[in-house]
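Some notes on the structure that comes next.
The values are calculated or read from the model by the stated rules, or taken from the named source; none is laboratory data. Source: prediction; values computed, not measured. Here the Cβ positions follow ideal geometry from the backbone for every residue, glycine too, while neighbour counts run over all protein chains shown.
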Amino acid sequence: MKIFESLKIGAIRSVKAWKGVLIMYSLTLFLIALIALPVKTGIKSVLGSSMVTELLSKGISLDVISDFGTNLNTIISSLSFGLFLILLLGGLMNVFLAGGLFSILKQSEKKPSAALFFEGGASNFLSFLIITVVSSLMILFIGFIIIGVPAMIAGSSSQSEGAGFRTARLFAMVLALILPVFLLVADYARAWQVTRERKKAFKALGFGFSQTFRTFLSSYPVMIILFIIQVLFGWMVLNKLLGSYPVTGGGVFLMFLISQILFFVKVLLRGWRYGSVTSLMEMNPEKPSDNSKVIVTEKSLYQFSARTLQGIETSMEICRGKVVLVVNTASKCGFTPQYEGLEKLYQTYKERGLVILGFPCNQFANQEPGTEAEIAEGCLINYGVSFPMFSKVEVNGNNADPIFKYLKSRLHGFTGKRIKWNFTKFLIDANGIPVKRFSPATKPENLVKDIEKLLR
Amino acid sequence: MMKKNLITLLVCLVTAASVKSQIVLKEPLSDRQTYYKIDARLDPVLKTVSGSMEAYWVNKSSDVVPDIRMHMYMNAFRSNKSTLYNESGGSPGSKKSDFGWIDIKTFTDRNGADLIGRMQFISPDDGNNQDQTVLQILLPKPALPGDTIFLKFKFETKLPSTIRRTGFNDDFFFVGQWFPKFGVYEPAGMRFAAIGGWNCHQFHVNSEFYSNHSVYDVKITLPVEYVVGSGGLLMNEAVSDSAGKIKTLTYRAEDIVDFAWTAWPGYAVFTDQWKHVKLTLLIPKERISQVGRQFSAVKNGLEYFTENVGPYPWPHLTVVDPPLIGAGAGGMEYTTIFTSASAPNIPDYFYQPEMVTVHEFGHAYFMGILASNEFEEPWLDEGVNSFLEERVMDHYYGPEAGILNHPWLKISDKSLGRAAYLLAGSRNIVSNAENSWNYVHGTYGMMSYQKTATWLYTLMGLIGEETTNEVFREYYRKWAFKHPSGKDFIGVVNEVVTKKYGNRFGPDMNWFFDQFLYGTGIVDYKVDRFFSAKISGFTGVINDADSMAFKASKYKEDTIYKSTVQLERPGDIILPVDVMIHFDNNDTILETWDGKARFKDFFYTGTRKVDWVKIDPGYKIRMDVNFANNSMTKEPDGVPVRRFIDKIIIFMQFFISFITL
């Protein structure tokens, strides 16, 4: 669920950040033009007003290249050096541009703007440079370990020739599966860094690692989907465009136009990746640090109190002797229609002693942004909710409501204590002792059996 | 013992009969001046091939010959002071097992008289007394015309660990240049020799071979697990020890110039048939996916050569694709067996294995059938063969993609050859008519292979493709199974060209070979500029008293232009060239320029103006070092350059995007 949610949010944010994408696209084109245009002029001056270009109708012709004679070595080496410089500069530029893109993709009240983009790029540059260099080195090193070493071992035995190559090819696939992990680390580190005032690259990398592995089950699928889409897209575009040979000026212009649109899309895809990882990070906020761990000593639900939507502090004593269902809710979630089911449950069982307590929470993808009044109105109008609703709370992190801290400490979810999403449900028996926890995806009607058991 | 003697007797009888009889071919193709019968055993541990050899040489000249000269090629690997290693630098290795040599254990004549005392090593090429690759035997009695000199050897050949055509690596063996081999006795007049004598050169780093056509009866004994391929036809295969671990293979070859074989347990063997030729392919098991490619390359070669040169006479042909551990043996020819050079996982748009296969196959013609002297005229084999190879590749694998056919980039084989010539720094320091070891500054390969192929293309550009094919057919008809020299080839060209074109290119084509084969010049033709100027009426002052001015042109109706086309010849080589001139009214004029002067101007008067000029519009003068200056136009086509640059931009955009995180 989080996978598609984050992909969706990432895509939307990427499109909204089109200005940043455009800047990224234009600067890359500008940089490449720095070498491409002089080369073009050089070739044109060498060919002069020759008609030898007729040999080039099907692409590069070695016969024409041979005309350079012994100068070709010089030309190739100086061109390679130029290309190397451009690639180096391109790499540095992308570090800056990534800073800009990440900072306008993060959740913020400010609209993504060019000014924000450049500000983000500049303020994060050094930290991003370290993150990028370290991540790249890690990828190269891992690549060497994963591909180089097995290939060398396999290749060193002379018995089966080509084994080195085949092994390298096999392990390259393994690397392709591992690569997204490093991309996640780098992306999480950068997404985290842009939310912080103080720039600490290594702390960011540390966060990148911990976040990647803590949320691996949702992060990895997101990244591998994006990774495959990007690689396939790039490969298809290059194959089609580099293999096409338009012969008219108009045809070449069309090819160039299409290629530029497609490269813009490629940058947009990168924005999608950054945006998706950013939203994944927001869905899974940082784990509270160790020193703030709270030891929950309370014995039963009745020892807590909470404020209702109307602002009245209410002790949980009112639930004594009743079976209680505690739910964290949100108004704009895919699960929001569960209100209806919850209300039906309440209506069915309230006579027999069931109480449902709703706690709105805005910690999941910003899906409960409204005020208390708006929430109350939404619940009533859309779903006719009549069970008690309480004020907005936090359910995860240091500032989590004590009720949720207590419930989480007693009942673990499938993948840990943390509440994963809106509409996690806790069932508490008539003695105030939590007995069962249900995931957001569990529909209210599926709770009937457990409720009936407690009501008996 | 009794039984063994009987078998020996039987074998002797069979052998005696087989020398004269025809087993492989219907009739002898050559005069068979030499014969070899070898019984050898491979020791895979000691890396030696040892055995006995009976051989003869017939004095078919009218000279009295006092000595015999034989090649002892394997001695080139005996030390780092051999001529081969003097020329290449380095050493055959660091341990005794790395070196190679051939030792003669016993050496007698037909009657068992010892000849060891009459042998000595000589160095006819460079006087290097450390080189032992040419053996001279001073005969007890000079060989009179018609005499047959019969020799019996016991020898041991140790293979070197660094494979230069021949050698071993682990359990891979390629055994070539491995037995004492006769030089070629050339009587006066043969290959334009002034006086008769032995032509028996030392083993050089850049030289190949020269031999008479012979019959070979060869027995090879080795462990049963070895898969063997050879240039002979397999007559018999038998397990030759009681434990069943050793086998003996008996081969027969007729009218080939050398006998080589390979043994490796890792080969997979495939067979195929092309008309009368049984094809055998030995290929590492990992490369089975390339079997089809190899067979179709050989068949393409057979088809093209049969049609455009002459028939392939033997019923057998073995192709070896050596494993990577034996890569040093790759790309070598021995007429009825040759080695390709491929690798695992070669993509199907890259025709390098096919190219090597076609090339080495072609040597069956230019080294095997037309057995020229590769020591002295390497171009006549390697260059002529490269020309045919490039034509086969571009014919069968795409005219613009004979070597690489990828959607992003296509390269034709003939362009690759021309590029190797044009991009070489030392392309005009030595002529094409040199002994193979005299190509200084690393020019041997470029000169013998690619430069020759490129000027043969230029010759074809002048005389046409069909006449070129006729040249090769006639060369084959006249010289097959003889030993033609370069001058003999030129003679065939002259004959065929004058028969077809009369005096069009002069009384003969010697002017062409004088410049390309024997000269060092380059070809370069250039359009300097062209312009069309309006012809104005007569104005001016004749004398002070009588000035006159005629405003009106005598051409009243139209504006009249005088067009001038200025051509230049910066290169030294003189060739007749076509010049195509195109006018703005779509007229096209084809002129010819004999190219003799350093420049040439053409003038045209009329209402039309010149739009563009092309020298050699068909790009047939492939020796021209600069195609770009061969033409000039008012409206150059910028589209290909723009397309190229745009693609560079696209590629770099995506590339930068890929490599950044």
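Determine, yes or no, whether B:G606 is away from every other protein chain (no Cβ under 14 Å), over 28 Å from B:Y421 (Cα atoms) and of a type outside the set (K, R). Yes: the conditions hold for B:G606. Selection of region B:123-165 for residues being of a type in the set (A, V, I, L, M, F, W, C) and within 24 Å of B:N59 (Cβ to Cβ) yields B:V134, B:L135, B:I137, B:L138, B:L139, B:A143, B:L144, B:I149, B:F150, B:L151, B:F153, B:F155. Here the condition is being in a strand (DSSP E or B) and in contact with a helix residue (DSSP H, G or I) (Cβ under 9 Å, 6 or more places away or on another chain); of B:F305, B:F270, it holds for B:F270 alone. For the condition at pLDDT below 95, away from chain B (no Cβ under 11 Å) and either touching a Pro at 6+ places or on another chain (Cβ under 7 Å) or not in a helix (DSSP H, G or I) (or both), A:G69 does not qualify. The requirement of being without any contact (Cβ under 8 Å) to a residue 12 or more places away in the chain and surrounded by fewer than 23 Cβ atoms within 10 Å (Cβ to Cβ) is satisfied by B:I195. Residue by residue through region A:95-125, note down the ones that are among the aliphatic types (A, V, I, L, M) and within 14 Å of chain B (Cβ to nearest Cβ). Passing the criteria: A:V95, A:L97, A:A98, A:L101. Across region B:22-59, the number of residues qualifying as among the polar types (S, T, N, Q), within 19 Å of B:A253 (Cα to Cα) and outside any loop (DSSP other than H, G, I, E, B) comes to 2. Restricting A:G10, A:G42 to residues that are in contact (Cβ under 8 Å) with a residue 60 or more places away in the chain and either surrounded by fewer than 21 Cβ atoms within 10 Å (Cβ to Cβ) or in the same structural domain as A:S108 (by TED's automatic domain parsing) (or both) narrows the list to A:G10.
May I ask you to list the residues in region B:380-411 that are without any contact (Cβ under 8 Å) to a residue 24 or more places away in the chain and of a type in the set (D, E, K, R)? If the condition is that a residue be without any contact (Cβ under 8 Å) to a residue 24 or more places away in the chain and of a type in the set (D, E, K, R), then B:D394, B:E400, B:K410 are the ones that fit.
Being in a strand (DSSP E or B) and either away from chain A (no Cβ under 14 Å) or hydrophobic (A, V, I, L, M, F, W, C) (or both) holds for only one residue in B:F375, B:F338, B:F366, B:F387, and it is B:F338. Restricting to region A:15-50, name every residue that is among the charged types (D, E, K, R) and more than 7 Å from chain B (Cβ to nearest Cβ). Once the filter is applied, which keeps residues that are among the charged types (D, E, K, R) and more than 7 Å from chain B (Cβ to nearest Cβ), region A:15-50 yields A:K16, A:K19. Consider A:V222 carefully, then state whether it is surrounded by 18 or more Cβ atoms within 10 Å (Cβ to Cβ) and more than 10 Å from every other protein chain (Cβ to nearest Cβ). Taking the combined requirement at face value, the residue satisfies it. Counting only strands (runs of 3 or more DSSP E) that sit wholly inside region B:157-248, those with at least 2 residues that are among the hydroxyl-bearing types (S, T, Y) are B:214-223. Quick one: is B:I102 closer than 21 Å to B:F203 by Cα, among the β-branched types (V, I, T) and not in a loop (DSSP other than H, G, I, E, B)? The answer is yes for B:I102.
Does A:L268 satisfy the criteria of being outside any loop (DSSP other than H, G, I, E, B), within 9 Å of chain B (Cβ to nearest Cβ) and farther than 27 Å from B:E635 by Cα? Judged against the criteria, A:L268 is not a match.
A Cβ distance below 7 Å, combined with a sequence gap of six or more or placement on separate chains, defines the contacts here; from region B:111-135, residues that are part of a loop (DSSP other than H, G, I, E, B) reach residues that are among the aromatic types (F, W, Y) in the pairs B:L115/B:F107; B:D125/B:W437; B:Q132/B:F121; B:T133/B:Y73; B:T133/B:F203. Candidates in region B:635-661 are the residues that are among the aliphatic types (A, V, I, L, M) and over 17 Å from A:S259 (Cβ atoms); of these, the one that is nearest to the other protein chains (Cβ to nearest Cβ) is B:L661. Name the one entry in A:I258, A:I229 that is touching a Leu at 6+ places or on another chain (Cβ under 9 Å), surrounded by fewer than 18 Cβ atoms within 10 Å (Cβ to Cβ) and under 30 Å from A:T53 (Cα atoms). Within the list A:I258, A:I229, the selection yields A:I258.
Which of the residues spanning region A:363-418 are in a strand (DSSP E or B) and in contact with a strand residue (DSSP E or B) (Cβ under 8 Å, 6 or more places away or on another chain)? Of everything in region A:363-418, those that are in a strand (DSSP E or B) and in contact with a strand residue (DSSP E or B) (Cβ under 8 Å, 6 or more places away or on another chain) turn out to be A:M389, A:F390, A:V393, A:G413.
Close Cβ contacts (under 7 Å, 6 or more residues apart or on different chains) running from residues in region A:187-201 that are closer than 16 Å to A:W272 by Cβ to residues that are part of a loop (DSSP other than H, G, I, E, B) comprise A:A191/A:K106. From the list B:I149, B:I137, the one residue that fits, being in the same structural domain as B:S207 (by TED's automatic domain parsing) and touching a helix residue (DSSP H, G or I) at 6+ places or on another chain (Cβ under 7 Å), is B:I137. Starting from residues that are more than 9 Å from chain A (Cβ to nearest Cβ) and among the charged types (D, E, K, R), keep the ones in region B:413-445 and report whichever is nearest to A:N71 (Cα to Cα). Taking the candidates together, the pick is B:D413.
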